[in-house]
Amino acid sequence: AQSVTQPDIHITVSEGASLELRCNYSYGATPYLFWYVQSPGQGLQLLLKYFSGDTLVQGIKGFEAEFKRSQSSFNLRKPSVHWSDAAEYFCAVGEGAQKLVFGQGTRLTINP
Amino acid sequence: ETGVTQTPRHLVMGMTNKKSLKCEQHLGHNAMYWYKQSAKKPLELMFVYNFKEQTENNSVPSRFSPECPNSSHLFLHLHTLQPEDSALYLCASSQANDWGETQYFGPGTRLLVL
């Protein structure tokens, strides 16, 4: 069965600093991979997704993620965070686009 | 209205009550989903509907009863719930079988069972 691990439950970075959120998955074939963000009181918003092709994926709000098959990872990065990036971030994996398995989430706090 | 809407946004109910959650998508999609988001647990897929037909039931207790009368509306009927059912219930929709199919989420209904 597929699974997703987000090792960091909570991360704090300073505004303007770079960010990397880790995601490791367990799945036999090439997975569909997603990163979603959830602000307080809101639903999930898609940041980016990987289905195939270029392993470096660009998303909205300046985020990118890199699929590394050898490491079973799909880490999310941003070169310079803004206070508005404070939220909870979820990595998800699926054998297709419908049966998604989500990670526990990483809560991001931004220091001014 | 745009995107995926859910009503009510907050709900408090007793264990003997019957209530329903409503989801409506304004995106022209043909697949809809219910998820449960509990504190300290990953988001859990509950049900999937494709073209109004249920295609996934992720071992959900029968006290949760979904209904999908058309591709735009999805309901979750609740009866004799337990306190551990308190959670955020999220609805999502997608365009089934599209390349790059992506789920779009509503804001959720925060449910408290007393």
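The values are calculated or read from the model by the stated rules, or taken from the named source; none is laboratory data. Just so we're clear, the structure is a prediction, and the values are computed from it rather than from any experiment. So basically every Cβ, Gly included, is an ideal-geometry build from the backbone, and we count neighbours across all protein chains shown. Side chains included, ligands, DNA and RNA excluded: accessible areas come from the protein's heavy atoms. Shrake-Rupley method; radii C 1.70, N 1.55, O 1.52, S 1.80 Å.
The table that follows gives values for the structure above.
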| item | result |
| --- | --- |
| Matching option when the condition is in contact (Cβ under 8 Å) with a residue 12 or more places away in the chain and of a type in the set (A, V, I, L, M, F, W, C), among A:L19, A:L56 | A:L19 |
| Members of segment A:24-34 found to be surrounded by 17 or more Cβ atoms within 10 Å (Cβ to Cβ) and assigned to a strand (DSSP E or B), listed by number | A:N24, A:Y25, A:Y32, A:L33, A:F34 |
| Within segment B:49-92, tally of residues that are within 21 Å of A:Q38 (Cα to Cα) and within 11 Å of chain A (Cβ to nearest Cβ) | 5 |
| Search result, residues across segment B:80-90 that are open to solvent by 20 Å² or more (accessible area, probe 1.4 Å) and either of a type in the set (S, T, Y) or farther than 23 Å from B:K41 by Cα (or both) | B:T80, B:S86 |
| Failed item, numbered, when A:Q42 is tested on (1) within 18 Å of B:Q103 (Cβ to Cβ); (2) out of contact with any helix residue (DSSP H, G or I) (no Cβ under 7 Å at 6 or more places or on another chain); (3) outside any loop (DSSP other than H, G, I, E, B); (4) without any contact (Cβ under 8 Å) to a residue 60 or more places away in the chain | (3) |
| Residues of segment A:55-89 satisfying the condition of being within 23 Å of A:S14 (Cβ to Cβ) and either β-branched (V, I, T) or within 14 Å of chain B (Cβ to nearest Cβ) (or both) | A:G59, A:I60, A:V81, A:A87, A:E88, A:Y89 |
| Check on B:D98, out of contact with any helix residue (DSSP H, G or I) (no Cβ under 9 Å at 6 or more places or on another chain) and open to solvent by less than 30 Å² (accessible area, probe 1.4 Å) | no |
| Residues that are among the hydroxyl-bearing types (S, T, Y) and either more than 10 Å from the chain's Cα centre (by Cα) or open to solvent by 70 Å² or more (accessible area, probe 1.4 Å) (or both), drawn from segment B:21-64 | B:S38, B:Y49, B:T55, B:S59, B:S62 |
| Filter pass, A:V37 being in contact with a Gly (Cβ under 6 Å, 6 or more places away or on another chain) and within 24 Å of B:M46 (Cβ to Cβ) | no |
| Some residue of segment A:3-23 being within 14 Å of chain B (Cβ to nearest Cβ), in contact with a helix residue (DSSP H, G or I) (Cβ under 9 Å, 6 or more places away or on another chain) and not in a loop (DSSP other than H, G, I, E, B) | no |
